[in-house]
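Reviewing the structure listed below.
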Amino acid sequence: REARRRGLNTDLIPNGLILIAIAALIGGRALCTIGSDHGLTGDPDGGAALVREALAIAEKIHDLDDIGRAYACLATVLEAGARIAESLEVSLEGAARMKALGMGATYGGFNLMNAADEMIYLGRWDEAWRIVVEQRPVARGASRLFATQQLAILAVGRGEWETASVVLEELSSLVGRSVEAQFSGPMAVTRVNRATALGDYADGRAIVDRVA
């Protein structure tokens, strides 16, 4: 209103465009969150539709973090709906997209580790092992933690106990004092699986008691 009063109408256009972009950013993130919640609470189809809409917004405004986040959330929602093959396809697509955008070590790696998850579900253990081993050295931040977590899970599942012990120690160091379930939970489960597979039930029970 003040700009109009002073005859500065030309200032309104760029400012208005900035406000539209901010609104789209906030709206896209909200859709991604709401869609994920829907998908994980019994409505995977509705949730997936909302997250796909969030992905389209992120692509339109070229927000790299939100593109990577939307791919990761979409794969998780599809997995929750037992659409594992489709979830794998989305994860691989997301990993390739983020690599093309120069974020292969961060969100690209995270989406690739989601793909490893789905490969494990589908019994494609050798493929999962290969992509985890290839990605982990270049992964950064949360993607490095996720890759280490996946390597530990795979090592225990394959009975590679020495590798599992080394990787679990590294994972413990990366997780630190975090109580976030997405990291501490799988680490505890993998430790329990290793202990019980080796017949050390007392250690397995002790791990459960510590996290219970």
note = Of the residues in region 160-185 that are surrounded by fewer than 15 Cβ atoms within 10 Å (Cβ to Cβ) and over 25 Å from the mean Cα position of the chain (by Cα), the one that is nearest to Gly123 (Cα to Cα) is Trp161
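Here's the yes/no breakdown for (1) under 21 Å from Val189 (Cα atoms); (2) open to solvent by 20 Å² or more (accessible area, probe 1.4 Å); (3) not aliphatic (A, V, I, L, M):
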| position | (1), (2), (3) |
| --- | --- |
| Glu86 | no, yes, yes |
| Ala95 | no, no, no |
| Tyr107 | no, yes, yes |
| Glu127 | no, yes, yes |
| Arg158 | yes, yes, yes |
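Each row is one residue, and each column tells you yes or no for (1) in a helix (DSSP H, G or I); (2) within 12 Å of the chain's Cα centre (by Cα); (3) under 19 Å from His38 (Cα atoms).
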residue: Ala56; (1), (2), (3): yes, no, yes
residue: Lys60; (1), (2), (3): yes, no, no
residue: Ala70; (1), (2), (3): yes, yes, yes
residue: Cys73; (1), (2), (3): yes, yes, yes
residue: Thr76; (1), (2), (3): yes, yes, yes
residue: Ala82; (1), (2), (3): no, no, yes
residue: Glu86; (1), (2), (3): yes, no, yes
residue: Glu89; (1), (2), (3): yes, no, no
residue: Gly94; (1), (2), (3): yes, yes, no
request  = Find the residue count for region 186-202, including only residues that are without any contact (Cβ under 8 Å) to a residue 12 or more places away in the chain and either crowded, with 16+ Cβ neighbours inside 10 Å or assigned to a helix (DSSP H, G or I) (or both).
outcome  = 4
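The values are calculated or read from the model by the stated rules, or taken from the named source; none is laboratory data. All figures in this text were calculated on a predicted structure; none of them were measured in a lab. Every residue, glycine as well, gets a Cβ built from its backbone with ideal geometry; the counts of neighbours run over all protein chains shown. The accessibility values were calculated without ligands, DNA or RNA, using every heavy atom of the protein model including side chains. Shrake-Rupley method; radii C 1.70, N 1.55, O 1.52, S 1.80 Å.
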